[in-house]
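Would you mind keeping the following structure in view while I ask a few things?
The values are calculated or read from the model by the stated rules, or taken from the named source; none is laboratory data. Please read these numbers as outputs of a predicted model, since none were measured by experiment. With ideal geometry, Cβ positions are generated from the backbone for all residues, glycine too; neighbour counts draw on all protein chains shown.
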Amino acid sequence: MSEVLEKLFGSKVRLRLLRFFLLNSQNEYTFNEIVNKNKINKKESRSELNNLVKIKFLKSHRKGRFKYYKINLQFSFYPELESLLVKSNIFPQSKSLGKIKNIGNVKLAIISGIFLNYPKSRADLLIVADNVSRRKLNNVIANLEAEIGKEIGYMLLSTEELNYRLNMLDRFLFDFLKGPHEEVINRLPKLKRVIAGIKK
């Protein structure tokens, strides 16, 4: 789906910019913020931003020495683009999800929320892992946020913390597991029985 959309919209940079502004419609950003958050090429980004301003998808204005960009909510095809790029399941497009296994001894990775277009979820990503490299974790999260176009709400637990929360019938955790979710990694076979019990 991601490759199809890239071809449809002309480039990965344009696709990331469209999704980023649609998902963050209330905010405005400087050029450097846009490039850094989306991990995209500066030269190509400047050209794409100028084109998006020309067609009135974006509005821009100067504040001090910085130029800010914001989506134009009155853009003719705003509802259609939002439906196509925001309201779809973006789980298959998130290539960085596979790299979660490299952050440490990962036992569990479950997605919900923005990945499955389920805004009621308490979090977008649950990771259970021991001996985690914070640098690798931060890198994976930053890449995911660049792919998706929005900040990810995630919960990181050690195996010990997971067991403690399950024994305490932790409301946050149980609400997350009760809702729609997909397992990216599950090396905790007992958890499948727990989830099945929660959903009854």
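Tell me whether the stretch 121-136 contains one or more residues that are more than 17 Å from ILE103 (Cβ to Cβ), outside the structural domain of ASN36 (by TED's automatic domain parsing) and in contact (Cβ under 8 Å) with a residue 60 or more places away in the chain.
Yes; the residues of the stretch 121-136 include at least one that is more than 17 Å from ILE103 (Cβ to Cβ), outside the structural domain of ASN36 (by TED's automatic domain parsing) and in contact (Cβ under 8 Å) with a residue 60 or more places away in the chain.
Ok, one more. Can you give me the number of residues within the stretch 131-185 that are of a type in the set (A, V, I, L, M) and within 18 Å of the chain's Cα centre (by Cα)?
Here the count works out to 12.
Still on this structure, I have one more. All but one of (1) over 30 Å from LEU156 (Cα atoms); (2) surrounded by fewer than 14 Cβ atoms within 10 Å (Cβ to Cβ); (3) at pLDDT 90 or above hold for GLU44, so report the exception by its number.
(2)
Have a look at GLU151, GLU160, GLU147, GLU182 and point out the one that is more than 21 Å from GLY98 (Cβ to Cβ) and out of contact with any Pro (no Cβ under 6 Å at 6 or more places or on another chain).
After ruling out the rest, the residue left standing is GLU160.
Select from the stretch 126-147 the residues that are crowded, with 21+ Cβ neighbours inside 10 Å and in contact with a Leu (Cβ under 8 Å, 6 or more places away or on another chain) and list them in ascending order.
LEU126, ILE127, VAL128, ALA129, LEU144
Here's another thing I want to ask about it. Among residues belonging to the stretch 127-148 that are part of a helix (DSSP H, G or I) and β-branched (Val, Ile, Thr), point out the one that is nearest to ASN105 (Cα to Cα).
VAL140
Residues of the stretch 152-196 being in contact (Cβ under 8 Å) with a residue 60 or more places away in the chain and not in a helix (DSSP H, G or I), which ones?
Hits for the stretch 152-196 are GLY179, PRO180, HIS181, GLU182, GLU183, VAL184, ILE185, ASN186, ARG187, LEU188.
Identify the residue in the stretch 49-84 that is of a type in the set (Val, Ile, Thr) and outside any helix (DSSP H, G or I) and, among all such residues, is nearest to ASN38 (Cα to Cα).
At the first step, the residues of the stretch 49-84 found to be of a type in the set (Val, Ile, Thr) are 53, 55, 71.
If we keep only those that are outside any helix (DSSP H, G or I) too, we end up with 55, 71.
On the way: ILE55: 21, ILE71: 16 Å.
Among them, the one singled out is ILE71.
What are the pairs, 6+ residues apart or on separate chains, where a residue within the stretch 42-63 that is free of Cβ contacts under 8 Å to residues at least 12 places away in the same chain and on the phi < 0 side of the Ramachandran plot has its Cβ under 6 Å from a residue that is surrounded by 12 or more Cβ atoms within 10 Å (Cβ to Cβ) and part of a helix (DSSP H, G or I)?
LYS42/VAL35; SER60/VAL53
Mind checking whether some residue in the stretch 68-77 is modelled with pLDDT of 95 or more and within 20 Å of the chain's Cα centre (by Cα)?
yes
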